[in-house]
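Novice: The structure follows.
Bear in mind these aren't lab numbers, they're just calculated from the coordinates by the rules spelled out. The shown structure was predicted, so the numbers you read here are calculated from the model rather than taken from an experiment. Glycine gets a Cβ as well: all are built from the backbone with ideal geometry, and neighbour counts include every protein chain shown.
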Amino acid sequence: MGITLNVTSKNKHVPEVEWYIRTVKERVRSIANSFPFKKYPPRLIAEMVYYIAFWLNSFLQKDGVHVTIILITLLTRLEIDYHKY
């Protein structure tokens, strides 16, 4: 069927996942630094992470799971209207 499973042992590093986590953290920090607050409510942090993950999954990736369909459409079956967002 052409499915390749990347199996990783316990306590081993997965570079793709670590890169994604680092990217999300960097972008959340950049948004947080634009706010004039010293402390952030947990809900605001969660919404910032959701916002970043939404936009990272809203565009095609070079080594993505599908050639023409974005990941968020595969997961939620919703088409993204880029003019709306």
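Novice: Which residue, chosen from V14, I31, P42, occupies the Cα position most advanced towards the positive end of the dipole of the chain, where the dipole is computed from +1 (Lys, Arg) and -1 (Asp, Glu) charges on Cβ about the Cα centre?
Specialist: Of V14, I31, P42, it is P42.
Novice: Most exposed first by the Cβ proxy, i.e. fewest other Cβ within 10 Å, how do R27, R77 rank?
Specialist: Going from sparsest to densest Cβ surroundings: R77, R27.
Novice: Where a Cα-Cα gap under 24 Å defines reach, which lysines qualify for K38, not counting those fewer than 8 residues away within the same chain?
Specialist: Cα-Cα hits under 24 Å: K25.
Novice: Tilt of helix 15-33 relative to the longest C-alpha principal axis of the chain, in degrees (0 to 90, nearest 10)?
Specialist: Tilt relative to the chain: about 20 degrees.
Novice: Evaluate the relative contact order of the chain (contact order divided by residue number), counting alpha-carbon pairs under 8 angstrom at least 6 apart; express in whole percent.
Specialist: The value is 17 percent.
Novice: So for M1, M48, fewest C-beta neighbours within 10 Å to most, what's the order?
Specialist: If I rank by nearby Cβ atoms, fewest first, I get M1, M48.
Novice: For helix 42-56, report the angle its Cα long axis makes with the longest principal axis of the Cα atoms of the chain; keep it between 0 and 90° and round to the nearest 10°.
Specialist: With both axes taken from Cα atoms, the answer is about 40 degrees.
Novice: Here's something else I'd like to know. Output the pairs from K12/K62; K12/K39; K39/K62 with a Cα-Cα distance over 30 Å in this structure; if there are none, say none.
Specialist: In this structure, K12/K39; K39/K62 exceed 30 Å between Cα atoms.
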